[in-house]
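Student: Below are the structure tokens for one structure; questions will follow.
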Amino acid sequence: MNWLVKTKVCPGLFYGTPAQDGFLIRIRTPGGWLNTQQGKLIAQLLEEWGSETLQVTNRGNLQIRAVQTSPSLDVFQTLQNLGLAAFDPRIDHLRNIMASPTAGIDPQELIDTRPWVEKLDYFIQNHPSILELSPKFSIGIDGGGKVGIGTRSPIAWEHRYNEIQLLAVAVDSIHLTSDIYFQLALGGDKTLYPTSVFIKPENCLVVVESLVNVYIDYVRKNPSPTGKKPRMKHLLKDWGLEKYIQLVNANLEHPLTLIYDAEKTVLTTLNSLPSQPYAHLGIHPQKQAELSYLGLSLKLGKLSADQLLELVEISETFGSGQLRLTPWQTILIPDIPNQKIPELFPKLAPFGLSNSLVDAAIVACAGKPGCAAAATETQIHALILGDYLKEQLSLNSPVNIHLSGCDKLCAQPSPAEITLLGTTIEQNGKIVEGYQVYIGKGQDSLNHQVCEGKLVDILPLIKKVCIDLNKTQPE
């Protein structure tokens, strides 16, 4: 086998993560961007590696399951040259840089974050000591647009978290000149904590570098007895925000601007609007005149090689040759001239790509046989559940249902409205796969169990819960 790096806990590209059905490979796509050349190569590799599908993840990565043969050295190099792999294989397992999928085209955004995504990715790839951080170290950057990451959405299950998060804000304050800044937030335990630190965009990179260096120093000085590397949540618990910022400032030529009196900081109307991530599904106008983007839901974020090639061809014919992967396992085609929109939709129908609100809001972990920890075949069961709900209900807005094969809840970082937790149950003297059903209340998705049973037996209850949530109307 040609794996170049020893297998790590989190999946990556340069080593195969073993599973019951083969190897799992995860490909980083910083910002979630995919051009036509990259898309065509990935579709080709799917066939070469013996895998049937790839999947958009909840960080806008691509992951390929059931890989039967390891990549060749030439393939590794090609992926590197196309920007789909780090040139240092040791750091490729680090989490993807997360950004809004509508960066640069969102009419509401305060700043186009695409240049900063590129700079931050270059920093990570050329900062070898970052290897000392946990593989779950993550950076997110939000331009303040309608489709945003972080916690600006009023809907908790749309939230996406990063250890270091930058949010563009328009500030009018006695402390700062009226202008656009990045407000720093820090994440831990599936929570994002806003700070009183405001960063000028031109200083963004040097501040992130100092935040990372101080973080690395903390990890070095606080080795875990379990062997796991300390996370940002541990740093904040041990040091507190004030000490962390003091140490960061000690490495900066220009100290960070802190505003402790929130009442004296007024954010403009532009930035007071909440984000609406699932509003990206369907056709929407861009800030560029006469152009629109199309957001498509995918069943469990999955694409076949044929579907990917079709999307690549559509992006070349109708757009600018770009695809954008989202942290909600959907996909965008930007830069579509408005006059071409009527010609576009017939191209999508044969490939099963849709704007189904049911498909967009059901997520599932790998399940059996892809994960040894799973008690149930979550991927298959999620498709059965989705088909049932589409037959039974007409959605006004998405209802988020998370199927998880174990209590690690890997498929979605934010709390779900309905959680199906895989388990085994006894029925007629036999042990069979089943689910515990939880209704989401607050940050903990597993704090209100309503029933337990086989999937076929709990389908009517899930339908009723959807109705009770006032999200749907029965047909």
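The values are calculated or read from the model by the stated rules, or taken from the named source; none is laboratory data. Only a predicted model underlies this, so the values are computations on that prediction, with no experimental measurement involved. Reconstructed Cβ throughout: ideal geometry from the backbone, glycine too, with neighbour counts over all protein chains shown. Accessible surface is based on the protein model in full, side chains and every heavy atom, while ligands, DNA and RNA are left aside. Shrake-Rupley method; radii C 1.70, N 1.55, O 1.52, S 1.80 Å.
Student: Helix 36-48 sits at what angle to the longest principal axis of the chain, using alpha carbons and giving 0 to 90 degrees rounded to 10?
Tutor: With both axes taken from Cα atoms, the answer is about 40 degrees.
Student: From the Cα trace of the stretch 363-475, what convex hull volume per residue do you get, rounded to a whole Å³?
Tutor: Enclosed volume per residue, from the Cα hull, is 96 Å³.
Student: Further question: Skip the ligands, DNA and RNA, and give the accessible area per residue of the stretch 1-99 with a 1.4 Å probe, whole Å².
Tutor: Per-residue accessible area for the stretch 1-99 comes out at 39 Å².
Student: Something else now. So which of Lys136/Lys390; Lys146/Lys464; Lys430/Lys454 end up more than 24 Å apart by C-alpha?
Tutor: Cα-Cα > 24 Å for Lys136/Lys390; Lys146/Lys464; rest within.
Student: For the chain, with the dipole built from +1 on Lys and Arg beta-carbon atoms and -1 on Asp and Glu ones, taken about the Cα centre, which of Ser153, Phe182, Pro255 lies farthest toward the positive end?
Tutor: In the chain, that residue is Pro255.
Student: Right, here's the next one. Round to the nearest 0.05 the FRET efficiency obtained for Leu459 and Glu47 when R0 = 41 Å and r is the Cβ-Cβ distance.
Tutor: Details: r = 35 Å, r/R0 = 0.86.
E(calc), rounded to 0.05, equals 0.70.
Student: Would you work out if the stretch 280-341 is rounded, prolate or oblate? Take a ≥ b ≥ c from the square roots of the eigenvalues of the alpha-carbon gyration tensor; rounded if a/c is under 1.5, else prolate when a/b is larger than b/c, oblate otherwise.
Tutor: Judged from the Cα gyration tensor, the stretch 280-341 comes out oblate (a/c at least 1.5, b/c at or above a/b).
Student: Placing +1 on the Cβ of each Lys and Arg and -1 on the Cβ of each Asp and Glu in the chain, which of Asn58, Pro230, Leu446 has its Cα farthest towards the positive end of the resulting dipole?
Tutor: Pro230
Student: Now for a different question. Just to confirm a number: summing +1 for Lys and Arg and -1 for Asp and Glu over residues other than Pro460 whose beta-carbon lies under 14 angstrom from that of Pro460, what do you get?
Tutor: Computed value for this residue: 0.
Student: Here's something else I'd like to know. Roughly what would the spin-label model give for Cys451 and Ala373, points 7 Å off Cα along C-beta, in nm?
Tutor: Placing both labels 7 Å beyond Cα along the Cβ direction yields 2.8 nm.
Student: What fraction of the DSSP beta bridges in the chain is antiparallel, stated in percent and rounded to the nearest 5?
Tutor: Numbers: 65 of 78 bridges.
Of all bridge pairs located within the chain, approximately 85 percent are antiparallel.
Student: To the nearest 20 debye, what is the magnitude of the charge dipole of the chain about its Cα centre, counting +1 on the Cβ of each Lys and Arg and -1 on the Cβ of each Asp and Glu? Kindly include the intermediate steps, with their values, before the conclusion.
Tutor: On the way: 41 positive and 47 negative charges, 199 e Å.
Its charge dipole is roughly 960 debye.
Student: Now a separate question. Calculate the FRET efficiency for Asn428 and Asn2 from the Cβ-Cβ distance with a Förster distance of 56 Å, rounded to the nearest 0.05.
Tutor: Details: r = 48 Å, r/R0 = 0.86.
With R0 = 56 Å, the Cβ-Cβ based efficiency is 0.70.
Student: May I pose another question? Let a ≥ b ≥ c be the square roots of the eigenvalues of the Cα gyration tensor of the stretch 308-427; is it rounded (a/c under 1.5), or, if not, prolate (a/b larger than b/c) or oblate?
Tutor: Details: a/c = 2.53, a/b = 2.06, b/c = 1.23.
In terms of gyration-tensor shape, prolate.
Student: Just to confirm the number: angle between the C-alpha axis of helix 455-468 and the first principal axis of the chain, 0 to 90 degrees, nearest 10?
Tutor: 50
Student: Lysines within cross-link reach of Lys40: Cα-Cα under 24 Å, excluding same-chain residues under 8 positions apart?
Tutor: Those lysines meeting the cut-off are Lys299, Lys302, Lys340, Lys347.
Student: Enumerate the amide H contacts of Ile362 below 5 Å, restricted to partners 5 or more residues apart or on another chain; note that Pro and chain-start residues carry no placed amide H.
Tutor: Ile401
Student: Rounded, prolate or oblate: which one fits the stretch 153-254, using the alpha carbon gyration tensor with axes a ≥ b ≥ c (rounded when a/c is under 1.5, else prolate when a/b beats b/c, else oblate)?
Tutor: Details: a/c = 2.44, a/b = 1.34, b/c = 1.82.
Because a/c hits 1.5 or more and a/b fails to exceed b/c, the stretch 153-254 counts as oblate.
Student: Something else: Over the stretch 72-129, what percent of the accessible surface lies on carbon and sulfur atoms, probe 1.4 Å?
Tutor: 51
Student: Normalised radius of gyration for the chain, please: alpha carbon Rg relative to 2.2 N^0.38 Å, two decimal places.
Tutor: Details: Rg = 22.3 Å, N = 475, 2.2 N^0.38 = 22.9 Å.
So the Cα radius of gyration is 0.97 times the expected 2.2 N^0.38 Å.
Student: Then there is this: What aspartates and glutamates could a cross-link reach from Lys200, if we take a straight Cα to Cα line under 18 Å and drop same-chain neighbours fewer than 8 places away?
Tutor: Candidates past the 8-residue exclusion: Glu109, Asp112, Glu118, Asp142, Asp172, Asp179, Glu209, Glu253.
Student: Also, quick follow-up: Between Trp239 and His254, what is 0.36 nm times their sequence separation minus the Cα-Cα distance? Round to one decimal in nm.
Tutor: Using 0.36 nm per residue and subtracting the Cα-Cα distance, I get 3.2 nm.
Student: Rounded to the nearest Å, what's the spacing between the alpha carbon centres of the stretch 272-346 and the stretch 123-153? Just the number, please.
Tutor: First find each Cα centre; the distance between them is then 23 Å.
Student: Within the stretch 35-90, list the GluC sites (Glu not before Pro) lying in a DSSP loop whose Cβ has at most 16 other Cβ atoms in a 10 Å radius.
Tutor: Glu52
Student: Here's a follow-up. Tilt of helix 114-125 relative to the longest C-alpha principal axis of the chain, in degrees (0 to 90, nearest 10)?
Tutor: Once rounded, one gets 90 degrees.
Student: Sorted from largest to smallest, which semi-axis lengths in Å does the alpha carbon gyration tensor of the stretch 107-163 give for its equivalent ellipsoid, taking the root of 5 times each eigenvalue? Before the final figure, lay out the partial values.
Tutor: On the way: eigenvalues 126, 55, 5 Å².
Each semi-axis is √(5λ); the values are 25, 17, 5 Å.
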